[in-house]
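Colleague: Dumping the structure here so I can ask a few things about it.
The values are calculated or read from the model by the stated rules, or taken from the named source; none is laboratory data. It should be emphasised that the depicted structure is a prediction, and the values quoted were computed from it without experimental measurement. We place every Cβ from the backbone using ideal geometry, glycine too, and count neighbours over all the protein chains shown.
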């Protein structure tokens, strides 16, 4: 079993100033979201998706100094969602225009979700690219994205993100 590597552990004293919101307003959409720490110290990603002006997504992104993933095969997310689907995305380099994507479903309870790095596929602006799945030696950013092609309120609590 590989040793785990903590990417981010939320707590009441966690510094979340490097987490940033990127919504569909970057292309004219009207979705709104915010990211904060809740009273229990969990990351709280919450908002409303709008399909106005061909919008339909909200995301929260965290960029960091590159982490080597050579000895890791999975990402472990500890989250509590609202029975909606979310995307987890990684970037090998902050210079990449595309991300590697995996979709996960939430069930309203706390869940530990394991995502195999090699199953994450490259995507740009919602389109799967004709390129290999993730096979890089490092990551330098993660994103949680919601965009289920419908207008809806969403709420995702995040406790911990680790490499396994």
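Colleague: Could you tell me which of the residues 41, 28 is at positive phi and in contact with a helix residue (DSSP H, G or I) (Cβ under 6 Å, 6 or more places away or on another chain)?
Modeller: Details: 41 fails: in contact with a helix residue (DSSP H, G or I) (Cβ under 6 Å, 6 or more places away or on another chain).
After ruling out the rest, the residue left standing is 28.
Colleague: Restricting attention to the stretch 40-51, does a residue exist that is surrounded by fewer than 16 Cβ atoms within 10 Å (Cβ to Cβ) and farther than 17 Å from residue 146 by Cβ?
Modeller: yes
Colleague: Can you confirm whether residue 68 is more than 17 Å from residue 82 (Cα to Cα), modelled with pLDDT of 95 or more and touching a helix residue (DSSP H, G or I) at 6+ places or on another chain (Cβ under 9 Å)?
Modeller: Working: more than 17 Å from residue 82 (Cα to Cα): yes; modelled with pLDDT of 95 or more: yes; touching a helix residue (DSSP H, G or I) at 6+ places or on another chain (Cβ under 9 Å): no.
When the stated conditions are applied, residue 68 does not pass them.
Colleague: Among residues belonging to the stretch 113-141 that are out of contact with any strand residue (DSSP E or B) (no Cβ under 6 Å at 6 or more places or on another chain) and over 19 Å from residue 4 (Cα atoms), point out the one that is surrounded by the fewest Cβ atoms within 10 Å (Cβ to Cβ).
Modeller: Only one residue fits best here, namely 130.
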